[in-house]
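The values are calculated or read from the model by the stated rules, or taken from the named source; none is laboratory data. All of these numbers come straight from a predicted model, not from anything done at the bench. Here Cβ is always computed from backbone atoms with ideal geometry, including for glycine, and neighbour counts include all displayed protein chains.
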Amino acid sequence: MSKLDSKIPGGPIKDKWTTYKDKINLVNPANKRHIDVIVVGTGLAGGSASATLAELGYNVKAFCYQDSPRRAHSIAAQGGINAAKNYQGDGDSNYRLFYDTVKGGDYRSREANVHRLAEVSGNIIDQCVAQGVPFAREYGGLLDNRSFGGVLVSRTFYAKGQTGQQLLLGAYSAMNRQIARGKIEMFNRHEMLDVVIVDGKARGIIARNLVTGEIERHSAHAVVIASGGYGNVYFLSTNAMGSNVTAAWKAHKRGAFFANPCYTQIHPTCIPRSGDYQSKLTLMSESLRNDGRIWVPKKKEDVEAIRSGKLKPTDLKEEDRDYYLERRYPAFGNLVPRDVASRAAKERCDAGFGVNKTGEAVYLDFQSAIERYGAEQAKIQNIENASHAKIVELGEKVVEAKYGNLFQMYEKIVDENPYKTPMMIYPATHYTMGGVWVDYNLMTTIPGCYAIGEANFSDHGANRLGASALMQGLADGYFVLPYTIGHYLADDIRTGKISTDSPEFEEAEKNVTDRINQLVNNNGTKSVDYFHKRLGKVMWDKVGMSRNETGLKEAIEEIRSIRDEFWKDVRVPGAADGMNTELEKAGRVADFLELGELFAKDALNRNESCGGHFREESVELDGEQKGEAKRDDVNYAYVAAWEYTGDPKDAVLHKEQLEFNDIELKQRSYK
Amino acid sequence: MNLTLKIWRQKDSNDTGKMVSYNVTDISDHMSFLEMLDVLNEQLVNSGDAPVAFDHDCREGICGMCSLQINGEAHGPDRGVTTCQLHMRMFKDGDTITIEPFRAKAFPVIKDLVVDRSAFDRIQQAGGYISVNTSGNTQDANSIPIPKADADEAMDAATCIGCGACVATCKNASAMLFVGAKVSQYALLPQGRVEAKERVMNMVNQMDKEGFGNCTNTGACEVECPKGISLTTIARMNREYLSASVTKD
Ligand SMILES: Cc1cc2nc3c(=O)[nH]c(=O)nc-3n(C[C@H](O)[C@H](O)[C@H](O)COP(=O)(O)OP(=O)(O)OC[C@H]3O[C@@H](n4cnc5c(N)ncnc54)[C@H](O)[C@@H]3O)c2cc1C
Ligand code: SF4
Ligand code: FES
C-alpha cells in the first residue's frame, strides 16, 4: 500500500476548488495571532505567501540567503506571466489554460491542481495591478498581451523584458507593508539548514546567520519551503549562483518525498559557453524564436572554415544551410516546444556541425526577419524601389523595437553585433519541474511542512510551458496556500508557542554543527567548485538532454565516487564563525551530490520518454514519428515519489497513479 | 592578459581593513569581471587563503546584489551595466585594477567587498507599497485604464534594481535617485495616488534617518546608474514632497 494520499477533493473538476474552500476549517482572526509560520524563501512563491499569511494575522518569519527579499531569483524572469483573462477575445478560458498546461506537461501532472491554477490565474493579474505592477499597456490604456510557445492564444502579460522583477517587487512591497506592521519578521542573509520535527510534525528550522555564522533555532506551527529550483546541480544553468536544493533536500531527508527529480527543462536558446571559467549561462528569451531561424551548415568543410574564422556565416549560401527544425518539423518549424528544439540542436552538434570553437553552438538568424520587416516598412512608408541597404535599415529598426534589450545583452556578453551576424545559441538547464511531493493542499509527506513554487513538483508535469512558473508561484502564495494551511492550523489554536528547548531542536542543531565542523576542518586539497564542476559534467553528459540505461548507471557510480572524494578531499578555508562564502557553497554542493544520484536513479527508473526526459530506448521506431520521443502511458502514467531511507541509492519508490478524466491522453506531434 | 588587483580586505565590521595586492594571469577578455574574481578566489583557496568575499547572485544584471567600486567607479568603467555584466575586454594586459566596496555611511562594510544595504529595505518599509490586501477580491485589472505613456514611464522608474551605485557615486552619499524612482513609479499610477502624500513624507524621513546625505544636483548618480534611472524622478519626488508638506495638516 502506498503512503501517498493526494487528497484531491471529489466532484466535477471545475467545482473542486470552490467546494473545497466552502468546507475547510477556518482559524478565527483572534487565534491567528497565536500561530507562527516559517516561510523559507522570498521569491514569488515565498514572498506572496509571507505577505498574505501575515495579512491574515499569522506571525510570519521569512528567510532568504540574499541581503534582501527583493533579490530572490524570481527577479530574473524575463518573458511574462500567463492568465486566462481572455482580454483579447481569442477564445481563451480557464479550461483552455488547464488543457494547454496538462498537454504541454506531456500528461504527467495532476489534473485537479492544474485546473485550480487556471481558475486563480485571472486574480493574479487583478492583484498585481492593484499593487502597482506596471504591466505593458496598449494605447487605449488597457493591458497588452503576447503569445508564448505551445499555445494558440495570447494570454501572456508582461512588463517589458523584466516581468519577474516587477512581479517580485510587487510581492516585496506587500511584504514590506507587513514587515512595517511587525507581522513579518524578516531574516535576510540566513540559510535554512534543517527542518525540525516534533511529534511527527514540522515545528521549526535550524538556520545559519550568514553574517555572524551563528546557528539559530526557530520554531513555528508550520514550515513552508519556497526555496526555488535545483537546476544548479548541473553547475552551469540559467539559475542564480546561489540557487540550491538545500532546503528542499533537508526536508526530504526528514521525511518529505521527492517527486520526479529527473524532470528538468533544458532551454534551447541560451548564450553558449565560452570557456572553462564560465560561471553561469544567460537565457535569450523564447520570444526570439518567433522571428529567428535556426540553422547550421550542411557541409562539414564549411563548419571547419567557420570555426577557424576563414568563413563568415553571412557568406554561406542559402542552399548550404541546414534549417534543421524547419526540415524536421515543417508544421511547427522554429516554434516547436523547448524540449524538442533543445534535442535537435544537440543532435546536430553531436554530429559535428556545431559552429563555434567548443562545437556546441547553432545559429539563430534574424536576416530573413529583418528583410521581411524592412520590405513591409518600405511599403508602409511608400518608399519606391528601396535599396537593399534601406530595407535592412528599416528592418533592423523593427527588430530593435521588439527585441532591443535582448540584442544588447547578447552584444555585451559575446561582443558581436547580432543585427549583422547571426546569434550563436545552445541549450542550457533552466528549470526543474521535479521537486518536493505535495498533496492538493501543497503539504509534503511531513505533516505541517508545505512546499510551494518551483520547489514543489505539482503543476507542470514533465515539461513547463513558458510564462507558467510565475503564475504558479503567485497562485500558490497568494491564493492557494493561505486557504489550505488554515485548514491544518485550525488544530493548533490551543498549542501555544513551540519551545526550541527540546531534544528535537538539540539533535537538529547538532546535526548542522557537526557537518559544518567537518567541512571547515576537513583540510583537503581541492576547492568546492572543482567538485561541483565534475558533478555538473556527469549530469550534463549522462543525465542531460538525452539519457540511456548504460549512461545512467555509470552516472550513478560516478556521482557516488565524486561524493566520496568530496568528503575526503574538499578544502574550505576560513572558520565556521563569521561570513564564509566557501562554506556556504560547500554545504550546497554536498546536497547536490546526493540529489544528483537520486536524479539519475529516477531517470533510470523511468524507461519512457516524456517532456524534458528523453530516454534513447523509448523512441518511435517507424512511421511519420520515427525517432521521436515515445511516452508509455501504460507503465509510467505515475508520479515517482522517492522516500529517503539513509542513502540515495536505497531510496524507496512510491507511485501516485495519475488519472485523466477530463483530458484525453494523446501523443504529441509537431511534424 | 595578466593583471594586478588591489583589493579591499576587511575581516569583519570591527576590522579596520586595508588594500592588498594580488596578481592574476591568463585572463581571457571574454570573461566577466566576476569570473575573473572567481579565478583569483580559486587561486586563494588552493593556497589555503580566505577567498575575497563579494556579493553576487543572478550574474545577469537584474538582482542588484553585485556592488563593486572598480577603479573609483561604481560598477566599473562601462556604462549601463552592473558589475556582473562588466567584461574583461574593457581592460588591457598589465593593468592595475583597484576594487573596493560601495562606500557610504549608511552602507557599513560587513566583510571585504560586502556591504550592508538594509537601509534601502527600511526606506521601502516606510512607505514603498500600496495598501491593498492580497485577498484576491480586488477589482478587475482592466477596470482603470492607464495611459500608455504613464504606464511606460512608471515602468522605467520601476526598473531600479536597488544596487546602491547611486549612493556610492554621490559625493554626499545621497539616496535620492533610489527613493525618487520608487516614489515616481507609484505617483504615475492611479493606484498609487491615493497614498501619495504619506508615502513621500515617510520615505524621505526614513532616508534622512538612515544617514544618507543631501542631494546637491551633481547628477553623478544618473551617470553611474546601471538601469538608466533618470534625474527627472528626483524632480518628481521633490514636487511630490513639496506639495505633501504644504497640504499636510
Ligand atoms: C533566467 C530565467 C528566466 C525565467 N523567465 C520566466 C518567465 O518569463 N516566465 C515564467 O513563468 N517563468 C520564468 N522563469 C522561471 C521562474 O522565474 C522561476 O521558476 C520562479 O521565479 C521560481 O520562484 P520561486 O519563488 O519558487 O523561487 P525563487 O524565486 O528562486 O526564490 C527562492 C527563494 O528561496 C531562498 N532560499 C533558497 N534556499 C534557501 C535556504 N536554504 N535558506 C533560506 N532561503 C533559501 C532564496 O533566498 C529565495 O528567496 C525563468 C527562470 C530563469 C532562471
Ligand atoms: S537608482 Fe540606479 S544606481 Fe540607484 S539603486 Fe536604483 S538601479 Fe542602482
Ligand atoms: S549579480 Fe545580480 S545584478 Fe549583478
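The table below lists the values:
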read-out: Criterion: polar (S, T, N, Q) and crowded, with 24+ Cβ neighbours inside 10 Å - qualifying residue of A:Asn176, A:Asn188; value: A:Asn176
read-out: Evaluation of B:Ile234 against (1) more than 16 Å from ligand 3 (Cβ to nearest atom); (2) touching a residue at least 40 places away in the same chain (Cβ under 8 Å); (3) surrounded by fewer than 18 Cβ atoms within 10 Å (Cβ to Cβ) (one fails), failing number; value: (3)
read-out: Residue within segment B:206-224 that is part of a helix (DSSP H, G or I), among the polar types (S, T, N, Q) and assigned by TED's automatic domain parsing to the domain that holds B:Pro145 present; value: yes
read-out: Verdict on A:Gly141 being free of Cβ contacts under 8 Å to residues at least 60 places away in the same chain, more than 27 Å from A:Arg96 (Cβ to Cβ) and surrounded by fewer than 24 Cβ atoms within 10 Å (Cβ to Cβ); value: no
read-out: Any chance B:Gly48 is away from ligand 2 (no atom under 16 Å from the Cβ), surrounded by fewer than 17 Cβ atoms within 10 Å (Cβ to Cβ), more than 20 Å from B:Asp121 (Cα to Cα) and facing chain A (nearest Cβ under 9 Å); value: yes
read-out: Flag for B:Thr25 being of a type in the set (Ser, Thr, Tyr), farther than 18 Å from A:Asp529 by Cα and over 27 Å from the mean Cα position of the chain (by Cα); value: yes
read-out: Residue list for segment A:152-186, restricted to those being facing chain B (nearest Cβ under 7 Å) and in a loop (DSSP other than H, G, I, E, B); value: A:Ala159, A:Lys160, A:Gln162
read-out: Filter result for the condition that a residue is closer than 27 Å to A:Lys412 by Cα, away from ligand 1 (no atom under 16 Å from the Cβ) and either among the hydrophobic types (A, V, I, L, M, F, W, C) or in contact with a helix residue (DSSP H, G or I) (Cβ under 6 Å, 6 or more places away or on another chain) (or both), over B:Ile70, B:Ile62, B:Ile110; value: B:Ile70
read-out: Every residue from segment B:133-175 that is under 24 Å from A:Ile75 (Cβ atoms), within 16 Å of ligand 2 (Cβ to nearest atom) and not in a helix (DSSP H, G or I); value: B:Thr159, B:Cys160, B:Ile161, B:Gly162, B:Cys163, B:Gly164, B:Ala175
read-out: Among the residues listed as A:Ala467, A:Ala475, A:Ala508, the single one being crowded, with 22+ Cβ neighbours inside 10 Å, within 14 Å of another protein chain (Cβ to nearest Cβ) and either within 24 Å of A:Lys585 (Cα to Cα) or more than 16 Å from ligand 3 (Cβ to nearest atom) (or both); value: A:Ala475
read-out: Segment A:400-418, subset crowded, with 21+ Cβ neighbours inside 10 Å and more than 14 Å from chain B (Cβ to nearest Cβ), residue modelled with the highest pLDDT; value: A:Pro418
read-out: Residue list for segment B:1-32, filter: within 11 Å of chain A (Cβ to nearest Cβ) and outside any strand (DSSP E or B); value: B:Gln10, B:Lys11, B:Asp12, B:Ser13, B:Asn14, B:Asp15, B:Asp26, B:Ile27, B:Ser28, B:Asp29, B:His30, B:Met31
read-out: Checking B:Phe91 against (1) more than 15 Å from A:Ser279 (Cβ to Cβ); (2) crowded, with 21+ Cβ neighbours inside 10 Å; (3) within 15 Å of ligand 2 (Cβ to nearest atom), the condition it does not meet; value: (3)
read-out: Residues (in contact with a His (Cβ under 9 Å, 6 or more places away or on another chain) and closer than 17 Å to B:Glu222 by Cα) located in segment B:69-123; value: B:Gln69, B:Asp78, B:Val81, B:Thr82, B:Thr83
read-out: Those residues of segment A:34-77 which are surrounded by fewer than 24 Cβ atoms within 10 Å (Cβ to Cβ), within 11 Å of chain B (Cβ to nearest Cβ) and more than 16 Å from ligand 2 (Cβ to nearest atom), in sequence order; value: A:Glu55, A:Leu56
